Amino acid sequence: MTELRKSIIIAIDGFSSTGKSSFAKLIARDYGLLYLDSGALYRAVTLFAMENGFITDGKLDRNALLPFLSDLHLHFEYINGASVTFLGGRNVENDIRTLQVASNVSIVASDPQVRNFVDNILHSYRDKGGIIMDGRDIGTTVFPDADLKIFMTASTEVRARRRAAEMEQKGLKCSIEQVRQNLEERDWIDSHREVSPLSRAAEAIELDNTDKTLEEQMDWIRSLLKEKFGLSPIR
Ligand code: CDP
C-alpha cells in the first residue's frame with residue numbers, strides 16, 4: 001500500500017471554479033501526495049504574454065510568444081506545504097489569480113504549443129511520488145493512465161459566488177457578475193478548442209458539489225480511496 005501512495009496518479013478535471021484545487025490540495029495533504037496545479041502553469045504563461053505585450057484585445061501574438069517558451073523556467077515550489085508557482089525566480093502565485101489573467105488564459109491555453117510545453121512540465125513530476133493534479137484534460141490527455149479520474153461540476157451561480165468570495169479574500173475586487181461572465185466564457189472556449197478540449201473521460205467519476213461542503217467531499221473521497229485502493233489518510 002505504501003508503494004501505491006508513492007506511485008498513484010489522481011486526475012481531477014472539470015469546469016472553471018468548481019473547487020478542484022481546494023479539494024485536490026486537501027487530498028494531497030491528507031494522503032501525502034504531490035499537488036500539481038496545471039491551470040497555474042497556463043495562467044503563468046498568460047501573465048508572461050500579457051506583461052510582454054503579446055496579447056492585444058484578447059488576441060495572442062503566438063509568433064511573438066512561442067520563441068520564449070523554452071526559456072520560461074516555470075515550476076512549483078512547496079512552501080509550508082502549499083504549492084507556489086514560480087516563473088524563473090519570481091513568485092507569481094498572486095499575480096496569476098487576477099481577473100485580467102483569467103480573461104486571457106483560455107486563449108493562451110488553446111495554443112497547441114503552449115499545451116505541449118505545459119504537458120512536458122507536468123510529465124516531469126511523474127517520478128516524484130504519488131501525485132494529484134487538477135485541470136481540464138488531465139484524465140483525457142496528460143495522464144490518460146491515471147489510477148483515478150474525477151470530473152467535478154457545480155452550478156454556475158454557486159461557482160461564481162465562491163470564486164468572487166475567494167478573490168475578495170485575496171483583495172482582488174470584482175463583482176459576482178464579472179466572475180460569472182468570465183467562467184462562462186472560459187468554459188465555452190475550454191470545451192470547444194481543437195486540442196485537448198475540456199471533456200469528461202469515460203471512466204471518470206462525476207462529483208457535483210453544488211450542495212456539498214468541502215468536508216462532505218472529503219468524506220466522499222476517503223470512502224472511495226479506501227474502497228478502491230485500500231488507501232487511508234496519513235493524517
Ligand atoms: O481555477 P479555475 O478553475 O478557475 O481555472 P484554472 O484551473 O486556474 O485554469 C485556468 C485556465 O487554464 C482554464 O480556464 C483553461 O483555459 C486552462 N487550463 C487548461 O486548458 N487545461 C488544464 N489542464 C488546466 C487549465
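A compact table of results
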item	result
Hey, LYS212 among the charged types (D, E, K, R), open to solvent by 70 Å² or more (accessible area, probe 1.4 Å), without any contact (Cβ under 8 Å) to a residue 24 or more places away in the chain and closer than 30 Å to ILE8 by Cα or not	yes
Set LEU36, LEU41, LEU60, LEU69: member being modelled with pLDDT of 95 or more, more than 21 Å from ALA164 (Cα to Cα), more than 14 Å from the ligand (Cβ to nearest atom) and aliphatic (A, V, I, L, M)	LEU69
Meets criteria (without any contact (Cβ under 8 Å) to a residue 12 or more places away in the chain, of a type outside the set (Val, Ile, Thr) and at positive phi) for GLY53	yes
The one condition in (1) open to solvent by less than 50 Å² (accessible area, probe 1.4 Å); (2) not in a loop (DSSP other than H, G, I, E, B) that GLU157 fails to fulfil	(1)
Residue match in the range 16-23 (condition: under 16 Å from LEU122 (Cα atoms) and either surrounded by 23 or more Cβ atoms within 10 Å (Cβ to Cβ) or near the ligand (Cβ under 7 Å from one of its atoms) (or both))	yes
Pairs, first polar (S, T, N, Q) in the range 140-161, second surrounded by 22 or more Cβ atoms within 10 Å (Cβ to Cβ), C-beta under 7 Å, six or more apart	THR153/GLY14; THR153/THR18
Residues of the range 59-79 classified as in a loop (DSSP other than H, G, I, E, B) and either surrounded by 13 or more Cβ atoms within 10 Å (Cβ to Cβ) or β-branched (Val, Ile, Thr) (or both), total	2
Residue selected from the range 123-147 under the condition touching a Phe, Trp or Tyr at 6+ places or on another chain (Cβ under 8 Å) and hydrophobic (A, V, I, L, M, F, W, C), by the criterion nearest to ILE8 (Cα to Cα)	ILE131
Search result, residues across the range 161-209 that are buried (at least 16 other Cβ atoms within 10 Å of the Cβ) and in contact with a Pro (Cβ under 8 Å, 6 or more places away or on another chain)	ASP190, ALA201
The lone exception for ILE79 - which of (1) under 14 Å from the mean Cα position of the chain (by Cα); (2) modelled with pLDDT under 95; (3) among the hydrophobic types (A, V, I, L, M, F, W, C) it fails	(1)
Residue among ALA201, ALA160, ALA154 that alone is at pLDDT 95 or above and in contact with a Gly (Cβ under 6 Å, 6 or more places away or on another chain)	ALA201
Residue check, TYR35 in contact with an Asp or Glu (Cβ under 9 Å, 6 or more places away or on another chain), open to solvent by less than 80 Å² (accessible area, probe 1.4 Å), hydroxyl-bearing (Ser, Thr, Tyr) and not in a loop (DSSP other than H, G, I, E, B)	yes
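The values are calculated or read from the model by the stated rules, or taken from the named source; none is laboratory data. Computed from a prediction, not measured in an experiment: that's the story for all the values here. Glycine also receives a Cβ, built like all others from the backbone with ideal geometry; neighbour counts cover every protein chain displayed. These area figures cover heavy atoms from the full protein model, side chains too; ligands, DNA and RNA do not enter into them. Shrake-Rupley method; radii C 1.70, N 1.55, O 1.52, S 1.80 Å.
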